Amino acid sequence: MIEVPGWVASVAAAARTVSVLTGAGMSAESGVPTFRDAAEGTSLWEDYDPQLLVSIDSWYADPDLVWAWHLWLAGLVHRAEPNPGHRALADWASRDDVELRIITQNIDDLHERAGSPVLSHLHGNLFAFRCADCGREYGEPVEFLSEPEQRRRPPSCGHCGGFIRPEVVWFGEALPHQDMEDAVDAMLDSDLVLVVGTSGIVQPAASLPDIARGHGTAVVEINPALTRLSDRVDFCWRAPAGQALPALTSAIAG
Ligand code: APR
């Protein structure tokens, strides 16, 4: 088990309200590619900028391409398992003496499958669907892809005939208001904020740690690499989430 920096262990042990902001790196050790390298290793998508695959403009221009990419990612997540980092957060949240909230940019369900309630899914949820035109929820089974396919025609809404889309927040769309409001409230009401596995590029999520720090809350980044947030946190723990979080929860359990 990796060594936990002493300062991090002491702040975490004393914390009674902990908020954890996670990004794609949280799921990397589950085999789910991080966003900025989502295409690498998947020959079909290597020619596409992942950010283009998750934009409202791309949906309008080529819904079959965007739908196929989401079905591929959903299939990959469906076959993945929560990693020790997800499970460590769920264990920590189960303690009676701590309130731990998860605010995630991830559209996967790995926190939930590890047993963690999620306070905010800032960028939506890959496994919920609605009509892109009338907004009605779509409850029919959706078949995910086991192999990448370039295009798939989205199903049609039974009410208005519009295309069905995932409940994911695409570039060019607003974040769900309540999720963002709850995330800001959590930043203002925490003894400790952990920022795990995010490059800190996409706003407004990337501003959440600043809100906490501006409120005098200790902010710790857990990431093997330096990020845009690294010089705006109290401690940079250069470690993978799947090793750091189990080590931390083990250190404070004692
Ligand atoms: N443990 C912790 N962090 C890791 C790990 C790991 N095992 N592996 C990679 N990382 C880090 C990378 O160093 C990087 O800083 O995870 C981060 C992933 O960054 P991005 O791919 O940019 O993902 P994210 O920050 O979540 O992107 C935010 O951008 O494209 C949109 O909506 C999409 O939610 C996404 C948002």
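The values are calculated or read from the model by the stated rules, or taken from the named source; none is laboratory data. Since this is a predicted model, take the numbers as computed values, not measurements. Here the Cβ positions follow ideal geometry from the backbone for every residue, glycine too, while neighbour counts run over all protein chains shown. Only protein heavy atoms, including side chains, enter the accessible area calculation; ligands, DNA and RNA are left aside. Shrake-Rupley method; radii C 1.70, N 1.55, O 1.52, S 1.80 Å.
Provide a single number: the residues in the range 181-203 that are in a loop (DSSP other than H, G, I, E, B), open to solvent by less than 40 Å² (accessible area, probe 1.4 Å) and within 11 Å of the ligand (Cβ to nearest atom). Qualifying residue count, the range 181-203: 4. The single residue among GLU81, GLU3 that is acidic (Asp, Glu), open to solvent by 40 Å² or more (accessible area, probe 1.4 Å), at pLDDT 95 or above and under 17 Å from the mean Cα position of the chain (by Cα) turns out to be GLU81. What residue, among those in the range 84-96 that are over 18 Å from VAL193 (Cβ atoms) and assigned to a loop (DSSP other than H, G, I, E, B), is most open to solvent (accessible area, probe 1.4 Å)? Looking at the filtered set, the residue picked out is ASP96. Taken over the range 135-180, the criterion of being part of a helix (DSSP H, G or I) and surrounded by 16 or more Cβ atoms within 10 Å (Cβ to Cβ) is satisfied by ASP179, MET180. Would a scan of the range 225-234 turn up a residue that is within 19 Å of the chain's Cα centre (by Cα), β-branched (Val, Ile, Thr), buried (at least 23 other Cβ atoms within 10 Å of the Cβ) and not in a helix (DSSP H, G or I)? Taking every residue of the range 225-234 in turn, none turns out to be within 19 Å of the chain's Cα centre (by Cα), β-branched (Val, Ile, Thr), buried (at least 23 other Cβ atoms within 10 Å of the Cβ) and not in a helix (DSSP H, G or I). Considering only residues that are more than 16 Å from ASP108 (Cα to Cα) and of a type in the set (Phe, Trp, Tyr), which ones fall in the range 68-94? TRP92 - this is the single residue of the range 68-94 that is more than 16 Å from ASP108 (Cα to Cα) and of a type in the set (Phe, Trp, Tyr).
Only residues that are closer than 28 Å to PRO33 by Cβ and either within 13 Å of the ligand (Cβ to nearest atom) or part of a loop (DSSP other than H, G, I, E, B) (or both) were counted in the range 204-224, giving 11. Of the residues making up the range 235-251, those that are touching a helix residue (DSSP H, G or I) at 6+ places or on another chain (Cβ under 6 Å) and either near the ligand (Cβ under 7 Å from one of its atoms) or among the hydroxyl-bearing types (Ser, Thr, Tyr) (or both) number 3. The selection criterion, being out of contact with any Phe, Trp or Tyr (no Cβ under 8 Å at 6 or more places or on another chain) and farther than 27 Å from LEU229 by Cα, holds for GLY135.
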